[in-house]
Amino acid sequence: MFQALKEYIPPEEFKYLDFNMVVNWLKHPRGEDPFSFPESEAADLIDRAISKFHAVYDQTTKLMEAFGEWYWAYYNIRQRCEALGFADDTEDDEAGSQ
């Protein structure tokens, strides 16, 4: 997905993107104001964690599978992947989330 985004976003804009901003803030909060981010970002982080868990342990729970099904349907992940030109990976990615 990273490579597809890199090809999709102009290089002069891409170099300023911080894809780990939310993760870094969650690990090391800075500033006095609470950091807010969209629900979709939280869902992405949870799906990413489930995918990593599945990759390492080759197992999931029913709750992880239910979240993956909801996430893929609610955020139209398959359509977004196809729009970015990497639809061939969606089945593997979806299975990795569940």
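The values are calculated or read from the model by the stated rules, or taken from the named source; none is laboratory data. Given the structure is predicted, the values throughout are model-derived calculations rather than measurements. Backbone-built Cβ (ideal geometry, glycine too); neighbour counts: all protein chains shown.
So here's what we get for this one:
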item: The stretch 29-58, subset at pLDDT 90 or above and among the hydroxyl-bearing types (Ser, Thr, Tyr), residue nearest to Arg78 (Cα to Cα); result: Ser51
item: Candidates Tyr74, Tyr16, Tyr8, Tyr57, filtered to the one that is touching a residue at least 60 places away in the same chain (Cβ under 8 Å) and of a type in the set (Phe, Trp, Tyr); result: Tyr8
item: Candidates Glu94, Glu69, Glu82, Glu13, filtered to the one that is more than 12 Å from the chain's Cα centre (by Cα), at pLDDT below 80 and of a type outside the set (Lys, Arg); result: Glu82
item: Scan of the stretch 20-65 for residues that are under 14 Å from the mean Cα position of the chain (by Cα), part of a loop (DSSP other than H, G, I, E, B) and surrounded by 12 or more Cβ atoms within 10 Å (Cβ to Cβ), ordered by number; result: Phe37
